[in-house]
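Trainee: Below: one structure in C-alpha cells.
The values are calculated or read from the model by the stated rules, or taken from the named source; none is laboratory data. Since the model is a prediction, treat every value here as computed from it, not as a measurement. Note: ideal-geometry Cβ built from the backbone for every residue, glycine included; neighbour counts use all protein chains shown.
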Amino acid sequence: MTKESLENIIASCTDILRTDDGISGSVHYTEVLSWILFLKFLNDKEKELALEAEMNFEEYDYLLEEKYRWDNWAISKDLTGDDLINFVNNDLIPYLASLKGEHEKDRREVISAIFKEVTNRVHSGYLLKDVLLKVNQIEFNSSDDIFTMSHLYESLLQKMGDDGGNSGEFYTPRPVVRFMVEMIDPQIGKTVYDPACGTCGFLVESYEHMKKQADTPEKVKILAEKTFYGQEKTPLAYLLGLMNMLLHGIDYPQIRKTNTLNQNIREIDESQKYDYILANPPFGGKEQKIIQKNFPVEAQATELLFLQYIMKTLKFDGKAGVVLPEGVLFRTNGAYKAVKEELLQKFNVHTIVSLPAGVFLPYSAVKTSIIFFDRTTPTKDIWFYEVPLIDGKRLTKNNGISKEHFEEARKLFKERPNTENSWLVPVEEVIKNEYNLSAAKYNPNKVEEEELLDPEEYAEEIYELLMSATKEIERLMDLTAGAGIDE
C-alpha cells in the first residue's frame, strides 16, 4: 500500500472519530485508534506465526479465543450499531483485560495490561464500524506498511502533543530526542532505559540508532528482546508507547505500567541498573510524603526525585541524558543543593545544553536544559552550551525546535570548545556558586541578569516562608501562655 493510501486511511479514521459524541480532541481519537491498530496488528502477526507453524507441521497456539480474534468481530457484517458497542464494551474489552500470561514474555500480559485501562470512547457503533473497516485495509505483515505506519503514528503523537493540555507531557519533540540519543550513542549489547517513558520516543529513537549495528541474527534478537526497558504510570501513555514500539519493530516491549517513584531507591540492586538512561521526567508535580520517603533527599518536586532515581539506576560506566527544568539547575537551597552536590561528586557531569524557552509549548513554557552525565569519575569541569535561536525567532507552538537548532552543538559536543555559545567551567567555580548549574550563570558573553524563578516556584517559596512564620507565631504564643502573660 502506498504512503498516500495509508495517510488517507488514518486521516479518514480521525475525521470519522471527530464526529462522534464521545470524542473530544486529538487525545481521544489517538487513544481509540491506538487500541484498534493494536488489535489489527496483533491479528496480522498471529496469522503470520500460524502460517509459519503450519509450514513446519506444527500447531500454533493463538493468544485469543476465536470469538475475539479480529476477523470474527471487527469485519463481521452481522455486528454493527448498538450490538457492536455492546460487544466491545461488555465482552471484548473485559475479556482482553482478564488475559493471563503463562511465561515472562507472553503477549497476553501485555494485552491485559493495555486493556485494563482502555475505555471505549466511541458512542456510535456505526461510526466505529466505519473505522474498523478502514483499519482492516492496513496489512501489518507488510514491512513497507509497518514502516510507513510507524511514521504516521509518530505524526499522530506529535499532533496530540502540539494540542497542549495534559497530552503534552507524553511527548518530547523529536529533534530534542534525536539529539540526545546521538550524543549518548548507545551501542548494541547494552541496555537502554527510560523511567518515565511516555510514548517511548527515547526508546524508539535509540532502536532506530542501534538497529544498523544488528548485523547478525543473535544481535537482532538481543536488540528486540534484551535492550529496551521503560516504566510509565499513565494508562494512555502506556498504550501509546507500546503501540509506538510495536510499529517500529520491537516485538516484545519491556515496558511496565507502574509509578517509578513508588520504589524505595535504597533497595535498588545491580540487576535493576542500566547502561544508558534517557529521560524527560514530568516536571512541576508535587509528590506526597509517602513517596518522598523513598529517597535519601526528600523533596516535593517530582523532577528532583526522578533525578535521584536516575542516579541510583545508572550502571558504573553508564551514560545518562536527562531533560530538567531550569529551576532544578539554579536553585541552591536545601534538597536541590544536596542532590547536585552528590551528582557532581559521584558522577561526571560533563555537559549541560541549555534549550531555548518554549521548547514544550503549548504544554509548558518552563525553561529547560539537557544534562549529560556518566558514572565514571567525579566532575572536573562542565561544558555549557546554549542553543541559539535561528534568525532570532523565538520558539512558539507553530515555530517549534528543529534539528537545525542542534547543528552546531552536534559538531562541538566531543571537543567542548569555548565559543560564542559555549564555555567550559571548572567544577570549583560551580561549587563556589552553591552548585548552581544554570548555563546563564557562567555565560561570559552576556551581561549578568537576575535569574528569575518560575511563578510556581515563587509561590512555593512564599508558602514555605508563611508556614515558617506561622510556626514561629505559634511558638511565641505558647511561650507567652506558659509565662502567664495576659493578652
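Trainee: Taking HIS209 and the conditions (1) over 22 Å from LYS116 (Cα atoms); (2) of a type outside the set (A, V, I, L, M, F, W, C); (3) crowded, with 24+ Cβ neighbours inside 10 Å, which numbered condition does it fall short on, given that it satisfies the others?
Mentor: (3)
Trainee: Give the residue, chosen from GLU58, GLU54, GLU48, that is in a loop (DSSP other than H, G, I, E, B) and acidic (Asp, Glu).
Mentor: On inspection, the qualifying residue turns out to be GLU58.
Trainee: Still on this structure: Working only within the stretch 421-443, note down all residues that are among the basic types (Lys, Arg) and crowded, with 20+ Cβ neighbours inside 10 Å.
Mentor: The answer is none; no residue qualifies.
Trainee: Which members of the stretch 323-357 meet the condition of being touching a Lys or Arg at 6+ places or on another chain (Cβ under 6 Å) and either modelled with pLDDT of 95 or more or at positive phi (or both)?
Mentor: PHE347
Trainee: Please specify each residue of the stretch 138-161 satisfying the condition of being out of contact with any helix residue (DSSP H, G or I) (no Cβ under 6 Å at 6 or more places or on another chain), touching a residue at least 12 places away in the same chain (Cβ under 8 Å) and of a type in the set (S, T, N, Q).
Mentor: Matches in the stretch 138-161: SER142, GLN158.
Trainee: How many residues, within the stretch 83-105, are over 24 Å from the mean Cα position of the chain (by Cα) and at pLDDT below 80?
Mentor: Going through the stretch 83-105 one residue at a time, the tally reaches 3.
Trainee: Next up: How many residues are crowded, with 18+ Cβ neighbours inside 10 Å and farther than 29 Å from GLY392 by Cα if we restrict to the stretch 342-372?
Mentor: Selection size over the stretch 342-372: 5.
Trainee: Then there is this: Being among the polar types (S, T, N, Q) and touching a residue at least 12 places away in the same chain (Cβ under 8 Å) is the requirement here; does SER26 meet it?
Mentor: Taking the combined requirement at face value, the residue satisfies it.
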